[in-house]
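Below is one structure, written out as structure tokens; comments come after it.
The values are calculated or read from the model by the stated rules, or taken from the named source; none is laboratory data. Note that this is a predicted model, so its numbers are computed, not measured. A quick note on method: Cβ atoms are made from the backbone with ideal geometry, for glycine too, and the neighbour counts reach across all protein chains shown. What goes into the accessible areas is simple: the full protein's heavy atoms, side chains included, and nothing from ligands, DNA or RNA. Shrake-Rupley method; radii C 1.70, N 1.55, O 1.52, S 1.80 Å.
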Amino acid sequence: MNIEINPKESSGVDRHIQVSVPVATVKEAEEKAARRYASSVRLPGFRPGKAPAAMVRKKFAEAIRQEALEAIVRDAYKEVIEKQDLKVASQPHVHDLKFEEGKPLTFELHLELRPTIDLARTSGFRISRNDRTITDDQVAEQLERLRDEKATWSPVSEKPMPGDLVNVTLATAASAGEEPGEGKAYPLVLGEGQAIPGVEEVIMEAAQGETIERPVKWPDDFPDEAQRGQTKTVRITLNDVKRKAAPALDDAFAREVGDFDSLDALKAAVRSDLEASAKREADAEMRQKLVDEIVGANPFDVPRSWVEQLIKGYAEAYQVPDEQREAFAGEFRAMAERQIRRDLVIDTVAERENLAATEKDLDDKISEQAERRGINPGQLYAQLEKAGRLKEIERSITEDKVFAWLLERNEVQNDA
């Protein structure tokens, strides 16, 4: 295409480019669109494709013009990318488009480019590693969690207390001074914030089968601002109470939890798991510190669209409600930018130093995992492929190779 390209302002990875398409090129595109319509449309009294061109152009003028416009903008965009040798990060946006009869077509392209990452310095950094020592208290806490998972709920006849599972019929007045409406049944675990404190206090005063009606003040930090600080009448009927009973922490419990001969064996396994988890956390923190140092010495911008896409992905994964998406994005944006920079550093080092995972690396990793699980490597490969996890493992291998390369060139100091 014979177009005029005028780069305008630019900032970081953002580019604004003014494009002008001459009248002759516009007319050619319109003629092409008109011929396509004339060869395919059906008009009364004419065989398909045999209607007079003038009649077709008159009847489908807007559709022909729109098709020509889309073709021109699409082809012009391709030419801009080729002539300017741009590596685009996301779908461009068209602004200030002017498409007037007998005049050049003009518009402004807003682009985001893939960042250029040189990484001139990747060595000579000193980073700290925080190795955590697992305490007896932490082991005890984990054992209590295991006991809680195996706990059972049993009915009790006394008044409820924090930690009990209750079933109540609750009716609340719409506003202060009104009577409670029709009640609804709710299961609640007391003390876990499932009901406001004032309501829980009323529940814990009730005997089973008893109904209590009284005013309750809503907290000043209640999520619904309109109800904050209001005092409304509530009517509560306590239907039943169940209390959790955890099994004794003994050898029998250890055998129930897993393949452990004794409680001591279970404790040793719990400690080993906690130590392995602490090591993974220390490794992750150390790696992120190293990436932060590299980014600080080699700053680069990241496309805003990439950040927004990552935020959207996490919001969907965490099932963030629509009304909370904006607040979530504000809180998560810095973390998203950090994650993207981390990925770009890893990708750049992997490509530059030829450290990307190979097929052999993947096969070796799967064979190693299969041996630990006692299954055939081919069977495990098929399972991982079906679950869509092969790319995840490839990425993990690449990251391990990149950080092994980086750690050879930087100093790690243990804090613990």
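The table below gives the values:
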| read-out | value |
| --- | --- |
| Segment 236-269, subset among the small types (Gly, Ala, Ser) and touching a strand residue (DSSP E or B) at 6+ places or on another chain (Cβ under 9 Å), residue farthest from Lys184 (Cα to Cα) | Ala246 |
| Conditions (1) open to solvent by less than 50 Å² (accessible area, probe 1.4 Å); (2) of a type in the set (A, V, I, L, M); (3) within 30 Å of Gly177 (Cβ to Cβ): number failed by Val291 | (3) |
| Boolean, Glu353 is in contact with a helix residue (DSSP H, G or I) (Cβ under 8 Å, 6 or more places away or on another chain) and of a type in the set (D, E, K, R) | yes |
| Positions within segment 138-196 being assigned to a helix (DSSP H, G or I) and either within 14 Å of Arg235 (Cα to Cα) or open to solvent by less than 80 Å² (accessible area, probe 1.4 Å) (or both), in sequence order | Gln138, Val139, Ala140, Gln142, Leu143, Leu146, Arg147, Asp148 |
| Boolean, Lys232 is open to solvent by less than 40 Å² (accessible area, probe 1.4 Å), out of contact with any helix residue (DSSP H, G or I) (no Cβ under 9 Å at 6 or more places or on another chain) and either modelled with pLDDT under 95 or charged (D, E, K, R) (or both) | yes |
| Matching residues, segment 400-416, being open to solvent by 60 Å² or more (accessible area, probe 1.4 Å), under 14 Å from Lys289 (Cα atoms) and not acidic (Asp, Glu) | Gln413, Asn414 |
| Residue pairs meeting the criteria (Cβ under 7 Å; at least 6 apart or on separate chains; first under 19 Å from Glu392 (Cα atoms), in segment 357-379; second open to solvent by less than 90 Å² (accessible area, probe 1.4 Å) and of a type in the set (D, E, K, R)) | Ala357/Glu394; Leu362/Glu394 |
| Verdict on Ala120 being assigned to a loop (DSSP other than H, G, I, E, B), at negative phi and out of contact with any His (no Cβ under 7 Å at 6 or more places or on another chain) | yes |
| Filtered residue count, segment 294-318, keeping only those that are open to solvent by 20 Å² or more (accessible area, probe 1.4 Å) and outside any loop (DSSP other than H, G, I, E, B) | 14 |
| Among (1) under 30 Å from Arg304 (Cβ atoms); (2) touching an Asp or Glu at 6+ places or on another chain (Cβ under 7 Å); (3) at pLDDT below 90, the one test that Ala89 misses | (3) |
| Subset of segment 328-364 (residues that are outside any helix (DSSP H, G or I) and surrounded by 18 or more Cβ atoms within 10 Å (Cβ to Cβ)) | Leu355, Ala357 |
